[in-house]
1. Look at residue 105 and say whether it is in a helix (DSSP H, G or I), buried (at least 19 other Cβ atoms within 10 Å of the Cβ) and in contact (Cβ under 8 Å) with a residue 24 or more places away in the chain.
2. Tally up the residues in the stretch 26-66 that are modelled with pLDDT of 85 or more and of a type in the set (D, E, K, R), please.
3. Mind checking which residues of the stretch 108-131 are more than 23 Å from residue 190 (Cα to Cα), free of Cβ contacts under 8 Å to residues at least 24 places away in the same chain and either part of a helix (DSSP H, G or I) or within 29 Å of the chain's Cα centre (by Cα) (or both)?
4. Enumerate the pairs (first residue in the stretch 62-87 and without any contact (Cβ under 8 Å) to a residue 12 or more places away in the chain; second residue anywhere and surrounded by 14 or more Cβ atoms within 10 Å (Cβ to Cβ) and in a helix (DSSP H, G or I)) with beta-carbon separation below 7 Å, excluding pairs fewer than 6 apart on the same chain, so at least 6 apart or on different chains.
5. If residue 134 satisfies every condition in (1) in a helix (DSSP H, G or I); (2) without any contact (Cβ under 8 Å) to a residue 40 or more places away in the chain; (3) not polar (S, T, N, Q) but one, which is the exception?
6. Quick check on this structure: which one of 184, 198 is in contact with a Pro (Cβ under 9 Å, 6 or more places away or on another chain), at pLDDT 80 or above and not assigned by TED's automatic domain parsing to the domain that holds residue 401?
7. Looking at residue 389, is it assigned to a loop (DSSP other than H, G, I, E, B) and either at pLDDT 80 or above or closer than 19 Å to residue 346 by Cβ (or both)?
8. Taking the options 62, 96, name whichever one is in contact with a Pro (Cβ under 6 Å, 6 or more places away or on another chain), assigned by TED's automatic domain parsing to the domain that holds residue 128 and not hydrophobic (A, V, I, L, M, F, W, C).
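The values are calculated or read from the model by the stated rules, or taken from the named source; none is laboratory data. Bear in mind that the values here come from a model prediction, so they are computed numbers and not experimental data. Using ideal geometry, Cβ is built from the backbone for each residue, glycine included, and neighbour counts are taken over all protein chains shown.
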Amino acid sequence: MRLDIYHTLFVGISQVFLGGYVMMLIDFRRPVPLWRKRWIFMTVLVVCANLIGLLFFDFWDTYCRVGIWTVTLPYILITIFCSRKRDFRAVFSIATGLFIGCVGTVISSLAEPFLGYNEYYSLAVRTISFLLMFFVLWRFRSAYREMLVQLDRGWGILCIIPVVMFLIMMYLINEFFPVDYTAAMMLSIGLMAVCGSAYYLMYLFFEHIQKETEANKERDILKLQLSALRSRTEAVKTAENFIRVERHDLRHRMQAVRELVERGDRAAALDFLDDAQKRLDENKVFHWCRPPVLDAMFTSYFSQARRQGIRVEAKISLPDTLPMEEAELAVVLANILENAIRANVELPVLERKLRCKVVGVPSLMIEIINPCAGQTLFDEEGLPMAKEQGHGLGVQSVSSFCRKYNAVCRFEQIDDCFRVQLVL
């Protein structure tokens with residue numbers, strides 16, 4: 001029995017790089033390490049089955065005709081199954097890897113006349129081209145991974161480019177190359193240039209959306225800071241006006257206390273002073289924490305909650321220095337509190353309540369609990385699903401914050417209470 005070592009290496013090396021490309025681009029289901037291992041295990045089984053056929057059973061001629069069913073289709077199905085976004089986003093990741101495989105094949109075919117048509121030299125060129133494309137794809141990876149979260153539509157259209165190019169390239173490589181090498185090579189290079197330009201335009205498009213998203217985030221932060229500063233300024237102004245009035249009335253109050261003392265009515269004098277003290281305590285400016293932006297944010301949203309008839313129970317304990325940008329944490333908390341207030345407003349006044357607990361030592365831990373009407377639906381990642389179109393952006397902001405700072409966030413509903421916990 002003759003062992004087909006060359007074609008086994010040819011397919012094996014190609015599949016190793018394809019797997020690396022897909023792992024760079026795919027967004028695995030949670031927990032990521034578990035689903036990544038499952039993906040690797042299943043794809044290795046598929047690839048090894050084909051490699052055994054190539055090595056021992058002279059499978060190459062058949063593989064050229066049915067490889068799309070024995071490798072490509074199982075790859076697609078396994079990746080969709082293990083992907084967090086089981087739609088055209090997973091297909092786009094695989095199609096991109098397949099197109100890059102075709103690029104490596106064309107480059108190695110282009111080098112064959114210069115290498116004396118030596119199979120192993122051609123394989124070496126193919127491997128080097130795969131390695132170079134790996135670094136190109138690595139540059140594309142960051143913007144693409146952000147788009148997986150930010151872009152929900154249009155992936156089917158984007159898939160057309162790599163899928164069509166892959167099918168055309170496969171036809172040229174398997175059918176047209178043996179007939180007219182020069183024409184097939186020129187056509188292949190032209191298609192590669194067109195598809196490469198399309199990918200570059202996609203990359204620019206992804207970068208544009210990413211920059212726009214960052215700009216919107218900065219705008220939201222500035223908007224929150226301005227709103228919180230305005231709220232704090234109004235609170236200070238109200239307190240100053242109250243103190244001005246109290247200072248004006250102080251002479252009359254002292255006179256009243258003096259009269260009560262001269263009459264010997266100490267109890268009435270003390271009650272009078274206690275009442276004045278309570279009035280001062282009720283109107284003093286309260287600080288929830290030392291970080292100024294967070295302090296202003298808590299003041300703004302807790303005041304808003306009280307105006308809606310929501311009872312607020314808050315315990316805030318934060319250090320002066322935080323392990324993240326203060327403004328980013330303020331935006332996250334603002335989104336959670338806004339959702340909690342919105343859920344409370346749907347309930348009768350007597351049932352409205354908001355509990356907020358934030359501690360910064362030994363690690364940052366946040367817990368916000370509010371009653372809610374109806375049952376909340378969660379997706380497979382445990383994130384609450386928006387009930388109306390255009391809602392749910394706050395949850396996306398929290399999820400993005402957790403990914404950036406490697407935080408853990410948990411949403412859950414127990415009976416009629418909704419709880420959010422965040423640990424960093």
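1. yes
2. Total meeting the criteria: 3.
3. Result: 121, 124.
4. Between residues of the stretch 62-87 that are without any contact (Cβ under 8 Å) to a residue 12 or more places away in the chain and residues that are surrounded by 14 or more Cβ atoms within 10 Å (Cβ to Cβ) and in a helix (DSSP H, G or I), the close pairs are 80/90; 86/80.
5. All conditions are met except number (2).
6. Details: 184 fails: at pLDDT 80 or above.
Result of the check over 184, 198: 198.
7. Working: assigned to a loop (DSSP other than H, G, I, E, B): yes; either at pLDDT 80 or above or closer than 19 Å to residue 346 by Cβ (or both): yes.
Against the criterion (assigned to a loop (DSSP other than H, G, I, E, B) and either at pLDDT 80 or above or closer than 19 Å to residue 346 by Cβ (or both)), residue 389 qualifies.
8. Numbers: 62 fails: in contact with a Pro (Cβ under 6 Å, 6 or more places away or on another chain).
Only one candidate passes the filter, namely 96.
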